[in-house]
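The values are calculated or read from the model by the stated rules, or taken from the named source; none is laboratory data. Computed from a predicted structure; not experimentally measured. With ideal geometry, Cβ positions are generated from the backbone for all residues, glycine too; neighbour counts draw on all protein chains shown. Heads up: the accessible areas ignore ligands, DNA and RNA and are worked out on the full protein's heavy atoms, side chains in. Shrake-Rupley method; radii C 1.70, N 1.55, O 1.52, S 1.80 Å.
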Amino acid sequence: MKEPVKKTDIDAAAVLEALLDSDRNKKSFKDLELMSDLDRKTIKMCIENLRESGIVIDGRAGFSVLKIPDKITSPLLLCDLNSKVLGRNVYSYKSLGSTNEAAHRLAESGAPEGTIVIAEKQTRGRGRLGRKWHSPSGSGLFFSLILRPTISIEKLPGLSLVAALSICRVMERIDNLEPEIKWPNDCLIDSKKIAGILMEISAELDRISYAVVGIGINVNHAKKDFPISLRSRATSLALASGIRHDRVNLLKQFLYEFEKDYNNFVKYGLRFMGRALVERSSVLDKKITVRFGKRKINGMAVGLDENGALRLKTKDGVITLSAGEVTLR
Ligand code: BT5
């Protein structure tokens, strides 16, 4: 497995931050030294590394950034990242089988809370119950976060909803879009799936050893980027808003948002999210069918319990479901 975030990536992020400073003036070595707290030799090396990663830096009469490639690299992710823990330990890859798979291996070998595994593409991207997650190169975000929450195991399903809520909040801010949360793990726009969450845990008795929260977000996909079987059911931010988006920036916003929501969830539970979840739900107050395994239950979705389970009013009374596949009737 590749090295995690290295000192050189952290330094390169500091230099990039200085170069992208809001005054936008060209920066001399002296400016960069003052701003990044690094020595000239290190700065030179960082500029080389940034250039090698595809960032175009003009070096005539001072340094300035001319172009940032549409790539996900550790320095780009760490530059101006506002979260304190989430995303600070980065493993980034051009291609991986599945970021969830890799995150499990890292978590087993002690990777700290907040570690992120991210790939430009996945060859075995997975959904729930052995389903596949379509993960083509360059257009989406495919990443997994390692979390070590100190909560009881029955509260954990709520974490998928919290992640979905954070995704929605970011999308709403960026584009005034109106994403919805489809219990238990999807985000939709215009009734089409734009993001999916796969949470997997390792636990002993009732103690959670770690959780891997795997997230796939369709960002810049055109219609033709989806397989035909998904075209009527899937969408992307670009399709919904008409503009391409900076994937790294989107990820940084998500990490910042999710860190707040996650900390509140661990401290206060799902109740704290109150109306925020209910208002964005695409299933509450609707007549639905929930499938799990071979069973199929019809009813009216009437609420969520404190662990994120769905309360369904059926002809035999209100029942609580902690997993399942929802279709609207
Ligand atoms: C999910 O499963 O929605 C969870 C997806 C999680 C993917 C992330 S990517 C990073 C991390 N690493 C992984 O290996 N996985 C996670 P589920 O609810 O089972 O939905 C899967 C279904 O969504 C598929 O059967 C398709 O119908 C549909 N689907 C597949 N790819 C899609 C896409 N890119 N956009 C929209 N729908 C898709």
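Tabulated data
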read-out	value
Selection from the stretch 220-272 of residues that are open to solvent by 80 Å² or more (accessible area, probe 1.4 Å), in a loop (DSSP other than H, G, I, E, B) and within 30 Å of Asp305 (Cβ to Cβ)	Arg233
Candidates Thr150, Thr123 - the one that is modelled with pLDDT of 95 or more and β-branched (Val, Ile, Thr)	Thr123
Members of the stretch 281-306 that are more than 30 Å from Ser137 (Cα to Cα) and part of a loop (DSSP other than H, G, I, E, B)	Val283, Leu284, Asp285, Lys286, Gly293, Lys294, Asp305, Glu306
Filtered residues of the stretch 22-70 (kept if under 30 Å from the mean Cα position of the chain (by Cα), in a helix (DSSP H, G or I) and of a type in the set (Lys, Arg))	Arg51
In the stretch 305-324, the residues that are open to solvent by 60 Å² or more (accessible area, probe 1.4 Å) and within 25 Å of the chain's Cα centre (by Cα)	Glu306, Ser322
Qualifying positions in the stretch 103-134 - buried (at least 23 other Cβ atoms within 10 Å of the Cβ), in a loop (DSSP other than H, G, I, E, B) and within 7 Å of the ligand (Cβ to nearest atom)	Gly125
Residue match in the stretch 155-164 (condition: touching a residue at least 60 places away in the same chain (Cβ under 8 Å), among the hydrophobic types (A, V, I, L, M, F, W, C), near the ligand (Cβ under 9 Å from one of its atoms) and not in a strand (DSSP E or B))	no
Where a residue in the stretch 76-102 is more than 15 Å from the ligand (Cβ to nearest atom) and its partner, wherever it lies, is of a type in the set (Phe, Trp, Tyr), with Cβ under 6 Å and at least six apart	Asn82/Tyr256; Ser83/Tyr256
Condition check for Ile151: in contact with a Leu (Cβ under 7 Å, 6 or more places away or on another chain), more than 10 Å from the ligand (Cβ to nearest atom), among the hydrophobic types (A, V, I, L, M, F, W, C) and farther than 16 Å from Gly196 by Cα	no
Residues that are assigned to a strand (DSSP E or B), open to solvent by 10 Å² or more (accessible area, probe 1.4 Å) and farther than 25 Å from Thr320 by Cβ, drawn from the stretch 165-192	Lys192
Any hit, the stretch 6-17, residues being free of Cβ contacts under 8 Å to residues at least 40 places away in the same chain and loosely packed, with under 12 Cβ neighbours inside 10 Å	yes
